[in-house]
1. Which numbered condition in (1) among the aromatic types (Phe, Trp, Tyr); (2) without any contact (Cβ under 8 Å) to a residue 60 or more places away in the chain; (3) outside any helix (DSSP H, G or I) is the only one that residue 63 fails?
2. Step by step: first the residues of the range 1-30, then only those that are of a type in the set (Gly, Ala, Ser) and not in a loop (DSSP other than H, G, I, E, B), then the one that is nearest to residue 51 (Cα to Cα). Which residue is that?
3. Could you list, in sequence order, the residues of the range 90-110 that are closer than 28 Å to residue 80 by Cβ, of a type in the set (Val, Ile, Thr) and not in a helix (DSSP H, G or I)?
4. Restrict the check to the range 38-53 and report whether at least one residue is at pLDDT 90 or above, farther than 30 Å from residue 16 by Cα and part of a helix (DSSP H, G or I).
5. Just to be sure I understand the filter: pairs with C-beta atoms under 6 Å, separated by 6 or more residues or on different chains, first member in the range 1-20 and over 18 Å from residue 58 (Cα atoms) and touching a residue at least 40 places away in the same chain (Cβ under 8 Å), second member among the aromatic types (Phe, Trp, Tyr) and surrounded by 11 or more Cβ atoms within 10 Å (Cβ to Cβ). Which pairs pass?
6. Return the residues of the range 68-100 that are touching a residue at least 24 places away in the same chain (Cβ under 8 Å) and of a type in the set (A, V, I, L, M); say none if nothing qualifies.
7. Within the range 47-85, track down each residue that is farther than 30 Å from residue 33 by Cα, hydrophobic (A, V, I, L, M, F, W, C) and surrounded by 12 or more Cβ atoms within 10 Å (Cβ to Cβ).
Amino acid sequence: MLFLPEEAKDLPPPSLFNMNSVWLAFSSGLASMYSNAINHKPPLKSGVHRLVLMTTIGWYVGYHVTKIENYHFAKVDRDMKEYIKLHPDDFVAKDKKTFAEIVERFIPIR
């Protein structure tokens, strides 16, 4: 793809039904209906082919936006793990405490 490097091909593909696809398909379909309403045409009855085309384009763009988003977050996670591996002194594991050690003892007042 145009915006993704070769290392992005190692990631699993996103789901077809993701939030970006649904949102962009809904928005572009709504924009098509809004365009019909501005031109004094019935929004749902006229230009059905444009409505289907705009919804499909929105779904496609949303899918690829999700791919770019997944690659970006995978790259950030990889860089953070590498930094933690190179600087273990900055990320020392803390002692685990029980919940009773953290909160004060409860004494009911009667």
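The values are calculated or read from the model by the stated rules, or taken from the named source; none is laboratory data. Just so it is clear, the structure is predicted and the values come from calculations on it, not from any experiment. We place every Cβ from the backbone using ideal geometry, glycine too, and count neighbours over all the protein chains shown.
1. (3)
2. The selected residue is 29.
3. Hit for the range 90-110 is 92, nothing else.
4. Among the residues of the range 38-53, at least one is at pLDDT 90 or above, farther than 30 Å from residue 16 by Cα and part of a helix (DSSP H, G or I), which makes the answer yes.
5. 4/71; 8/71
6. 68, 74
7. 74
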